[in-house]
Every structure is written in structure tokens, then in C-alpha cells.
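The values are calculated or read from the model by the stated rules, or taken from the named source; none is laboratory data. Keep in mind that what you see is a predicted model, and the values were worked out from it rather than measured. Heads up, the Cβs are rebuilt from the backbone with ideal geometry, glycines too, and the neighbour counts pull from every protein chain shown. With ligands, DNA and RNA removed, areas are computed over all heavy atoms of the protein, side chains included. Shrake-Rupley method; radii C 1.70, N 1.55, O 1.52, S 1.80 Å.
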Amino acid sequence: MHNAALLVVAHGSTVNPDSSAPTLAHAAEIRRRNMFTEVECAFWKEEPSLRDALFLFDPESIREVYVVPNFISEGYFTQTVVPRELELSGAITTRSNGQIWNYCEPVGNHPLMTELLLKRARDVAPDAAPGATSLLIVAHGTDLNENSAVAAKREAEKIRALGKYAAVLNVYMEEPPLVADWRNLTETPNVVVVPFFISDGLHSYEDIPRLLGMTDGHPERSGAKSKDPADLPEAFITGSLGFAWNDVRTNNRSVFRENPYAIDRRNLFYAPSIGTDPGVADIIVEQARAAAKS
């Protein structure tokens, strides 16, 4: 990637400053590998903005830019917002200064995502027998673009075909099948829930736990015992980026430390968002490589 730059674009948030943390962490790891001349990030809701990214790379030293959306799926932002803000005309855009911008697939489209989901499920519930366990992959769901739910459905189908769990379901916050209906959707004594999100924010800290009934305003109903991160399996701690655990400690958000939750005589295991897995950095690189080969 000589004379080439990598631009990782993500949503960001004006409400949750930690929303950009995974993207920044993955970019830092890729920068450490010295694979590109430059590695930068840009966000829709944070600085530097997507518009700012148009001026990040000197056309004299950077001849090509690979833009990788750090998004879980194709959807409104990858198909409309990012191309509009970055003035991209398609998969390849040649600027007036001769600089070539390559628009890559989002991270959620890569086959390695399936392996990360399986790893996250094993790490959060290492002692749960797969044959007595249901795996729920939770995405947002939206009416802005019907493709936003496709990635979660695709991953659920791929994992279901492997026959590793009694049931594998794609569920959503805002469209059927709803994550709030998990009691009716599953029958197994163990249920593992993996948020199919880029970062741990209000959705994973508050919204999904509320929809799952993990507290319902009554923490004592969970039956869970608080655990110190030092007591967790090493594989599980390293499976999430360090900032995620720092945030849990700093803000006392213990939803990931109290597994399993005993709800309606069943064990509910709740994992950090998949985007906090360090393996996402590898996926970002692979998406850029795929664009370069094509």
C-alpha cells in the first residue's frame, strides 16, 4: 500500500463519546502495522467529520485512499450518507487532483465476522452446553433502509447451518422478530445474546438490557452476582478492547460482568458488542485488500 492511505469511517455520537472508541482503536492498531502510508478516521457525528476527510490526504504523497466503512451492514449510512459527504461517485472515484478513492465493503459484510461472533459467544458462556443454548444476534433494525437487517440475518443463517447451537436467531430492537420477545422465541435453558453493533453505547448498556428484562428496574431479579473483571476468563477480557472494560469500571456499567442472568428460570448470557473485538482490525485491512485486488 505504498503511497496509499486508509480512511476508516464510522457513525460516532454526540451523546456517547465512547461510540468512536472502537474505530479509533482499530485504526491505531492498523497504523502500528505500517501497512499504509497514512491511517485516519472520520465520523458522521464527531470530529474529524466526513467532510473534513476530503482534505486529510496530500495528493502529492497519497495517490490512493481506501475508504472502509466501520459499519455492521449495508444501509442508509453506507449507501447514502458516506458517499454523499465524501463525494464518492461509486466504487472508484478519481478526484480532480488525480487522487483515487476506493470505496470498500463495510466490515459487517466480511466472512470473518462469522468467526468473531462464534468466538464472542464462546467467550461469554464458556460452560454453556451448545446443544442446550440458543444464540441471539441482536441488530437495530430500521425503516430507513431494508438492507440494514440483512447482515444479522445472513450471519444467523451461516451459524445456524453449522449446527453448533440448538437455535440461532437474528432479532432486532425495532422490527420483528423483536429481541424483547426472546422468551417466546427460544426454548433452551441457556440463551446467549451478542449485540451486532460497532461499539458499546446506550443501546448495549441500556436499551437492549431493558428489552431483555435483565433488570426491569429491579436488579435483584437478575440473580446475578457482580464480578470483578480480574475474575473473568482471560480470553473474554482480551476479546474486547481495553477501553470497553475501562468504560465499564469508570461508569459502573456492569451489564457485561454479571453473567449469567437468571430470568424466568433460564440463564441469559450478555456479551459486549461485536465491534469491540480486536479482530475487526483484521477485517478492515481485508476489506481494503479486496478493493485493491478488484
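Okay, here's what the table says:
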quantity	calculated
Residues of the stretch 63-100 satisfying the condition of being among the aromatic types (Phe, Trp, Tyr) and part of a loop (DSSP other than H, G, I, E, B)	Phe71
Within the stretch 96-112, considering residues that are buried (at least 22 other Cβ atoms within 10 Å of the Cβ) and closer than 16 Å to Val150 by Cβ, the one modelled with the lowest pLDDT	Gly108
Selection from the stretch 169-185 of residues that are of a type in the set (Asp, Glu) and in contact (Cβ under 8 Å) with a residue 24 or more places away in the chain	Glu174, Glu175
Count of residues meeting criterion [under 17 Å from Pro106 (Cβ atoms) and at pLDDT 90 or above] in the stretch 247-294	19
Top-ranked residue in the stretch 51-90 [being surrounded by 12 or more Cβ atoms within 10 Å (Cβ to Cβ), closer than 22 Å to Lys293 by Cα and without any contact (Cβ under 8 Å) to a residue 40 or more places away in the chain; ranked as nearest to the chain's Cα centre (by Cα)]	Thr78
Tally of residues being closer than 16 Å to Ala151 by Cβ and touching a helix residue (DSSP H, G or I) at 6+ places or on another chain (Cβ under 9 Å) across the stretch 163-181	9
Residue list for the stretch 8-51, filter: farther than 19 Å from Gln79 by Cα and among the aliphatic types (A, V, I, L, M)	Val15, Ala21, Leu24, Ala25, Ala27, Ala28, Ile30, Met35, Val39
Members of the stretch 11-40 found to be on the phi > 0 side of the Ramachandran plot and buried (at least 17 other Cβ atoms within 10 Å of the Cβ), listed by number	Gly12
Scope the stretch 41-50; condition touching a residue at least 40 places away in the same chain (Cβ under 8 Å) and either open to solvent by 60 Å² or more (accessible area, probe 1.4 Å) or of a type in the set (Phe, Trp, Tyr) (or both); matching residues	Trp44
Test: residue in the stretch 50-60 that is within 24 Å of Ile274 (Cα to Cα) and not in a loop (DSSP other than H, G, I, E, B)	no
Residue under evaluation Thr93, criteria (1) in contact (Cβ under 8 Å) with a residue 24 or more places away in the chain; (2) of a type outside the set (Lys, Arg); (3) surrounded by 16 or more Cβ atoms within 10 Å (Cβ to Cβ); (4) closer than 25 Å to Leu7 by Cβ, criterion not met	(1)
